Amino acid sequence: MNTAGHPAPGAPRILTTAQAIAEAIGQEMERDPRVFVMGEDFGRYGGVFSATGSLLERFGPERIRDTPRSESAFIGAAAAAAVEGLRPIAELMSVDLFGVCMDQIYNHLAKNRYMSGGQVKLPVVLMTAIGGGHGGAAQHSQCLYATFAHLPGLKVVVPSNAHDAKGLMTQAIRDDNPVMVFLHRGIMGLPWMQYQEGASVAVPETAFTVPFGQAAVAREGRHVTIVTLGLMVHKALLAARTLHTQGIEAEVIDLRTLVPLDTQSVLRSVGKTGRLLIVDEDYLGFGLSGEIAAVVAEHMDEVALAAPIRRLGVPNVPIPYSRPLEQAVIPSVTRIVEACCELADAKLKAAA
C-alpha cells in the first residue's frame with residue numbers, strides 16, 4: 001500500500017480518513033461546479049489535517065480558497081454564498097475556534113431556512129477537528145458536538161472511520177441544509193499525530209453516500225450495549241475484545257450522526273442486551289450521554305433494563321494539558337471494561 005491508497009493487485013484499497021475526506025470533496029467538486037472549499041491554510045498547504053491535499057492543483061485558487069484568520073468573516077461568507085446558490089465547504093482548524101463565529105452559525109446558518117419559510121436553502125458544510133489525547137490543552141482538545149446538536153437547524157455528523165467519513169461527507173455536501181462534520185484528530189491517519197489504525201479501512205473509489213440517521217452495529221453482542229461515536233468506537237471495540245475473554249459479549253453501536261439521531265437502533269440493541277453503557281468524549285454534563293439515557297428511559301415500555309444505565313464521559317472540567325491528567329479525564333479502554341463488568345452481574349458472567 002502506498003500513501004495514495006492504491007492497493008497491491010487483489011488487495012482492498014485502504015485509505016486514511018484524511019484521504020477519504022479529500023477524495024469525497026474532490027469527487028463532489030467534479031460532479032457539481034457550485035461546490036467550493038474555503039478555510040485557513042487550505043490552498044498550498046492542503047489543510048492542517050490534509051483534508052484538501054492535492055485539490056488546489058486540480059481545481060485552482062477560485063475553488064480552493066485560503067481565507068484570512070477571521071472565522072466570523074468566512075463563515076458569514078459561506079452562508080451568503082449558499083444563499084446565492086453555491087455549495088461551500090468551510091473548515092475551522094479546531095472546534096474550539098467556533099466561539100468567535102457562533103452568531104454566524106446559530107443565528108444565520110441554523111435559523112434562516114426556517115425563518116424564510118423554506119424559501120432559502122443553506123447547503124453549507126462546516127468541518128472541523130475535535131478531540132484530545134495529543135496534549136493540546138483546554139482550548140484545542142474539546143469535542144463540543146453536543147453543543148451544536150442542541151441547536152435546531154443544524155445536522156451533526158461524527159464519523160469513526162475512513163469509509164463512513166467519505167460517505168457521510170458526500171451526503172453532507174449534497175444536503176440542502178447546514179451540516180457540521182466533526183473529525184476526531186485520532187482517526188485522521190496523519191503520520192505526525194498519534195491515531196487509531198483501525199480507522200483506516202477499505203473505501204470504494206466511486207462516490208457513495210452514507211445516509212444520515214442510520215447508526216452502525218460495529219460489533220454484535222448479547223450482554224451489554226455500548227453506544228458511542230468517533231474515536232470512542234475504537235476504544236469500545238478494544239474493550240469488547242477484552243470483555244469477550246471474560247465471557248461478556250458487548251454490542252457496540254456507532255451512532256455516526258447525532259442529528260438526526262438513530263434512536264431505533266439504540267432501543268433495539270438495549271432491548272436485546274438489557275444493559276446500556278454510553279461512552280462519550282464530550283463533556284458529561286448536559287450532553288450526548290444524558291440524551292441517550294433519556295431516550296431509553298422514555299421507552300421503558302419497549303426495553304427491560306437489567307441494570308441501571310451507566311455513562312462515561314469527560315467530567316465538567318477543562319481538558320488538562322498534563323498528559324496524566326488528560327488521560328484521567330478522557331474515557332479509556334480500561335474504564336469501559338470496568339463499567340461493562342459492573343453492568344454484567346456475576347451470574348451472567350458465569351453462565352457465559
Margin query: Projecting each Cα onto the charge dipole of segment 72-222 (Lys/Arg +1, Asp/Glu -1 at the beta carbon, about the Cα centre), which of Ala73, Val95, Ile173 comes out farthest on the positive side?
Written below: Ile173
Note to self: I need the calculated FRET efficiency for the pair Thr245 and Leu325, taking r as the beta carbon distance and R₀ as 41 Å, to the nearest 0.05.
What the structure shows: 0.85
Margin query: Could you give the length gained by full extension between Phe286 and Arg335, i.e. 0.36 nm per residue of separation minus their alpha carbon distance, to one decimal place?
Written below: 15.5 nm
Notebook entry, point to check: Gap in Å between the Cα centre of segment 252-293 and the Cα centre of segment 53-82?
Noted result: 35 Å
Next item on the list: Could you give the spread of the C-alpha atoms of segment 181-269 along their three principal axes, from largest to smallest, in whole angstroms?
Entry: 36, 30, 22
Next item on the list: Ignoring everything but the protein chains, give the 1.4 Å probe accessible area of Ser200 in square angstrom, nearest 10.
Entry: 30 Å²
Check: Which whole-Hz couplings ³J(HN,Hα) result when phi for each residue of segment 80-86 is put into the Karplus expression 6.51 cos²θ - 1.76 cosθ + 1.60, θ = phi - 60°, listed in order with x for Gly and Pro?
Finding: 5, 4, 5, 4, 7, x, 8
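Nearest-5 percent of antiparallel DSSP beta bridges in the chain? It would help to have the intermediate numbers written out before the result.
Working: 7 of 40 bridges.
Counting only bridges with both partners in the chain, antiparallel ones make up about 20 percent.
With the other protein chains left in place, how much accessible area per residue, in square angstrom, belongs to the chain at a 1.4 angstrom probe? Provide the component values of the computation, followed by the final result.
Values: 14830 Å² over 352 residues.
It amounts to 42 Å² per residue over the chain.
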Note to self: What aspartates and glutamates does Lys166 reach when the alpha-carbon gap must be under 13 Å and sequence neighbours fewer than 8 apart in one chain are set aside?
What the structure shows: Glu23, Glu28, Glu205
Next item on the list: Set the Förster radius R0 to 35 Å, insert the Cβ-Cβ distance between Arg13 and Gln214 as r into 1/(1 + (r/R0)^6), and round the FRET efficiency to 0.05.
Entry: 0.90
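Tell me whether the chain comes out rounded, prolate or oblate; compute the Cα gyration tensor, take square roots of the eigenvalues as a ≥ b ≥ c, and use a/c under 1.5 as the rounded threshold.
Working: a/c = 1.78, a/b = 1.52, b/c = 1.17.
Verdict is prolate for the chain.
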Check: Hey, any idea what % of segment 146-254's accessible area is carbon plus sulfur with a 1.4 Å probe?
Finding: 50 percent
Next item on the list: Report in % the part of the accessible area of segment 63-111 that belongs to carbon and sulfur, leaving out ligands and nucleic acids; probe 1.4 Å.
Entry: 55 percent
Margin query: Please report the spacing between the Cα centers of segment 107-164 and segment 184-226 in Å, no decimals.
Written below: 18 Å
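Can you show me the helix-derived [θ] at 222 nm for the chain, built from DSSP H runs with n ≥ 4 at -39,500 (n - 2.57) apiece and divided by the number of residues, rounded to the nearest 500. It would help to have the intermediate numbers written out before the result.
Values: 12 runs with 114 residues, N = 352.
Counting only the DSSP helices, I get -9500 deg cm²/dmol.
If you put +1 on each Lys and Arg Cβ and -1 on each Asp and Glu Cβ, how big is the dipole of the chain around its Cα centre, in Debye rounded to 20?
Details: 30 positive and 35 negative charges, 73 e Å.
Taking the Cα centre of the chain as origin, the dipole is about 340 debye.
The values are calculated or read from the model by the stated rules, or taken from the named source; none is laboratory data. Please read all numbers here as calculations on a predicted model, not as lab measurements. In this analysis, Cβ positions are derived from the backbone assuming ideal geometry, glycine residues included, and neighbour counts consider all displayed protein chains. Each accessible area value is taken on the protein alone, full model and side chains, heavy atoms only, with ligands, DNA and RNA left out. Shrake-Rupley method; radii C 1.70, N 1.55, O 1.52, S 1.80 Å.
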